[in-house]
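Computed from the coordinates by the stated procedures, all read-outs in this text should not be read as laboratory data. Bear in mind the structure is a predicted one, so any value in this text is a computation, not a measurement. Quick reminder, even Gly has a Cβ in these numbers, built from the backbone with ideal geometry, and neighbours come from all protein chains shown.
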Amino acid sequence: MNTSSHINTSLQETADCLLEIGCLLMASGASTNRIRVTMERIADGLGYETETLTTHRTIFVIVKDSQTNEIYNSFKKTPPHGANFTLVSGISKMSWHAFENNWTLKQVKEEIDRLKKIPRYPLLITMIFVSLADAGFCRLFGGEYIDLGTAFVATFTAFTVKHYATKLNFNGYLSVIFASFTACFITSFARMYSIGNHPDLAFATAVLFLVPGIPLINSFSDIMDGHVMNGMVRGTHAMVIAFCISLGMLVTMLIFNF
Amino acid sequence: MDILLHIELAFWLAIAAIGFAVLFNVPKRTLIIIAILAALGGSSKLILMHYGGHIIIGSMVGATLIGLLSIPAAHGKHAPPLVFSIPAVIPMIPGAFAYKAMLGFIKLTGDISLESYQIALDETVNNGLKAVFIIFALTAGVSFPMLISRKESAKEIKI
């Protein structure tokens, strides 16, 4: 078959740009409907029609030039998932600017590059706040201040373990098991030596920072929006994480024989 | 009702929400609103439970409140509502029930007498179902305003 030798580069670039946006949104924890609407809105602002197919690991897009009826399609695989709401919020804001002020492709690309470069919170700050969050959970479930301390220390260590396991390219689920095991292992010592009045609460809450909150909520909203397949995939992902957390707990319980 | 205790719990709810907000890397300008939403939503659940409300209904009400308030927050701070609502509902997750259910499942795998098996089964099913339904209630509550307004984007919702 003789394919057209002439490729419309601007069409191609638009498709690549849209795919990049879609993949970033998917990896950062946006719901499927948000990804589709955002990609369509930006394409609309750039003057193209678009259809998308979004899955957990790959995004497919067709871009159509409504004047010349030319069509270009392309796939892109999503980067490893890691929640980043600054990116979701930045892209959402950018999509409205692109739609309302008719941005050019160059402006959209520059904005994406800028958004990608925004640094995350420093690691130490994140660790302290996450540990405080788990201490807060411990208090909410009825723990006392010594138990809060246990939960804080356990979470702090477990977060470090998870961070470095992810950095060493361990399987994501495996790093959850490592982290859950570490947190439970440390709180188990509090249980063994009866430090505090409710060391079992520290044991239960020190793993809560691993809870898959974003996949769970996105799973529900995807199913409600009619993206049942994506909803099921996200739901399964969340279930596997929950299973990994409990596996870490189970191993510790067997070791310490509670 | 011990007001001081509730204020303290609201404080810890806010801290827990901020921890997750930082983990999810939310924009800095939204942190305070997330803390307020979490404190309001979580406290409304605790207060409902204090007056004898069921924990599932309480979670539903709290999450719906967070979902509804996330719309004006999204307008004010120029960020999608999910940025506010997801970290804010996470302090309400039923961690203790899930943990007890998990303990129960482990107990059920052991060789125990029929009588204690019956008790363990009752407790495990009760805790497990509570955990599952609370999670459903939270997710449904958060999605409520988008479903009821029939809009694709929060920006189109007039407030």
Average Cα contact separation per residue, the range B:1-136, under 8 Å, 6 or more apart, as relative contact order %:
24 percent
Could you order the peptides B:114-124, B:48-58, A:201-211, B:136-146 from most to least packed, using the average number of other C-beta atoms within 10 Å per residue?
A:201-211, B:136-146, B:48-58, B:114-124
Highest GNM mean-square fluctuation, chain A, Cα pairs closer than 10 Å: which of A:126, A:78, A:54?
A:126
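Using Cβ contacts closer than 10 Å as the measure, can you line up A:138, A:244, A:184 from fewest to most?
Listed from fewest to most nearby Cβ atoms, that is A:244, A:184, A:138.
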Taking springs between alpha-carbon atoms closer than 10 angstrom, which of A:128, A:186, A:21 fluctuates most in the Gaussian network model of chain A?
A:128
Say a site is exposed when it is one of the trypsin sites (Lys or Arg not before Pro), sits in a DSSP loop, and has at most 16 other Cβ atoms within 10 Å; what is then the longest site-free stretch of chain A?
A:121-258
For chain B, what is the calculated [θ] at 222 nm in deg cm²/dmol (nearest 500), taking -39500 (n - 2.57) for each run of four or more DSSP H residues and dividing by its residue count?
-27000 deg cm²/dmol
Around residue B:88, with a cut-off of 14 angstrom between Cβ atoms, what is the net charge of the other residues, counting Lys and Arg +1 and Asp and Glu -1?
+2
Could you tell me the relative contact order of chain A? Use alpha-carbon pairs under 8 Å, at least six residues apart, and round to a whole percent.
17 percent
Taking each residue in B:77-88, count the Cβ atoms of any other chain within 10 Å of its Cβ, then average. What number comes out?
5
Cross-link reach list, aspartates and glutamates versus residue B:155, counting only Cα pairs under 15 Å and skipping chain neighbours closer than eight places:
A:100
³J(HN,Hα) computed for each position of the range A:22-27 - Karplus, 6.51 cos²θ - 1.76 cosθ + 1.60, integer Hz, glycine/proline x:
x, 5, 4, 5, 4, 5
List the residues, sorted by chain then number, that are 5 or more residues from residue A:70 or on another chain and whose placed amide H is less than 5 Å from its amide H.
A:65
Counting each DSSP H run of 4 or more residues in chain A as -39500 (n - 2.57), what helix-only mean residue ellipticity at 222 nm follows after dividing by all residues, to the nearest 500 deg cm²/dmol?
-22500 deg cm²/dmol
So, with points 7 Å from each Cα along the Cβ direction, the residue B:2-residue A:27 label distance in nm works out to 4.8 nm
What does the structure give for A:19-30 when I average, per residue, the other chain Cβ atoms found within 10 Å of the residue Cβ?
1
Determine, for A:81, A:198, the number of other Cβ atoms within 10 Å of each Cβ, and report the residues in order from fewest to most.
A:81, A:198
Residues B:109, A:236, A:155 in order from fewest to most other beta-carbon atoms within 10 Å are B:109, A:236, A:155
Apply the Karplus curve 6.51 cos²θ - 1.76 cosθ + 1.60, θ = phi - 60°, to the phi angles in the range A:227-241 and return the couplings in whole Hz, x for Gly and Pro.
8, 5, 4, 4, x, 5, 4, 5, x, 4, 4, 5, 4, 5, 4
So what J values fall out for the range B:43-48 if you push phi through Karplus, 6.51 cos²θ - 1.76 cosθ + 1.60 with θ = phi - 60°, rounded to Hz, Gly and Pro as x?
5, 4, 5, 4, 5, 4
